[in-house]
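Before any comments, here is the structure.
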Amino acid sequence: MPLDPELAALLDAAPPFDPALLRTTPVDEYRALMKQGLLAMGPSPEVVASVTDTAIPGPGGDLPLRIYTPEHDAPLGIAVFFHGSGFVMCDLDTHDHECRVLANRANVIVVSVDYRLAPEHKFPAAVDDAFAALQWTVAHADELGGDPERMAVVGDSAGGDLAAVVAHLARDAGGPAVAFQLLVYPVTDLRTDTPSFEESASGYGLSAESMRWYIEQYVRSSADVVDPLASPLLAGSLAGLPPAFVAVCEYDPLRDEGKQYAHRMRDAGVDVRLRRYDGAIHGIFQMSRFTSIGARMLADCVDALRDALR
């Protein structure tokens, strides 16, 4: 399909960006610029009954969490949320609106995880933090007002990679039990050699060159690229994983690896719903306040999460 008109207008209005600048701009400076852009609309209008910042003991020290709890009179399902942006960018604030929407409209507790970022903390630091956050959440589900048997992992882009990998770790360790995966245009294969990496290499927001730079920051060596804890698509078996909703976008370098991951899970007997957003680009999960297609994706994620943890 043609590019969505609202997204085309946004791309036309955006100042040109040379991915080569990633190699010359200090990471902290680029993080600040990205955060400034994502927060330009101001605070989320979504009011949640309780939003609490805390920190738990993590593998690398204190691990910050933000816990969103809607009004409830019975234990709720819990979604452990991992933000995206290449394992390098973003934080609790950049995905605050989406977590608020998921909490309120899916009627679940959302535990957002501020995992350690690359390049300061390379693979597997983020994976270790993600699994520690899941374990802590399950152990403290009762005091959070949640039901430990209704636990989901949720993530967009790099966060989708972490959500998928945590589901693998939980399966292989015999717990904690994960009931559902919500994977929004997930990274699943760090080799970056799918057709969509060529078809949508530039001109659609996230570029192939930028994604490859993010991966360079994340991994320690080429061996990490093919480690299933970094590239879950390469795991020997996907059998026994929780049911999943996988969202992919037509004009996204990550489109094909998301589709392949969904198909491999389905072939392994996992209950999978795959949704492709035609005319869409990477990043629309965070565009719900100003694009119709972004609002539709977020609404679909809400419905999938609510139905899975009902």
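The values are calculated or read from the model by the stated rules, or taken from the named source; none is laboratory data. Because the structure is a prediction, the values reported are computed rather than measured. Positions of Cβ are generated from backbone atoms using ideal geometry, with glycine treated the same way; all protein chains shown enter the neighbour counts. Note: areas computed on protein heavy atoms with side chains; ligands, DNA, RNA excluded. Shrake-Rupley method; radii C 1.70, N 1.55, O 1.52, S 1.80 Å.
Data for the structure
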quantity	calculated
In nm, spacing of pseudo-spin labels at ALA173 and LEU10 (7 Å Cα→C-beta vector)	3.5 nm
Extreme residue, positive dipole direction of the chain, given options GLY84, PHE290, MET151 (C-beta unit charges)	MET151
Solvent-accessible area per residue, Å², over the stretch 157-310 with all protein chains present [probe radius 1.4 Å]	34 Å²
Charged-residue dipole, Cβ positions (Lys, Arg, Asp, Glu), the chain about Cα centre, Debye nearest 20	340 debye
Exposure rank, largest accessible area first [PHE290, PHE123; 1.4 Å]	PHE290, PHE123
Theoretical ellipticity at 222 nm over the chain - DSSP helices of four or more residues, -39500 (n - 2.57) apiece, nearest 500	-11500 deg cm²/dmol
Relative contact order (percent, whole number), the stretch 210-307, Cα cutoff 8 Å, 6+ residue spacing	22 percent
The stretch 1-121, accessible area per residue, ligands and nucleic acids excluded (1.4 Å, Å²)	47 Å²
All Cα pairs of the stretch 1-116, percent lying beyond 17 Å	66 percent
Length added when fully stretched, VAL47-HIS72, from 0.36 nm per residue minus Cα-Cα	7.6 nm
Magnitude of the charge dipole, the stretch 1-65, Cβ model with Lys/Arg +1 and Asp/Glu -1, debye to 20	160 debye
Share of carbon and sulfur in the accessible heavy-atom surface of the stretch 49-106 [1.4 Å probe, %]	44 percent
Point-to-point label distance, ARG296-MET34, nm (Cα→Cβ direction, 7 Å offset)	2.7 nm
Stokes-Einstein D in µm²/s, Kirkwood radius over Cα pairs - the stretch 228-310 at 25 °C with 0.890 mPa s viscosity	180 µm²/s
Label-to-label distance, nm, for residues given as LEU21 and ARG266 (7 Å Cα→Cβ offset)	4.0 nm
Calculated Rg and Dmax of the chain using C-alpha coordinates, Å	17.9, 52
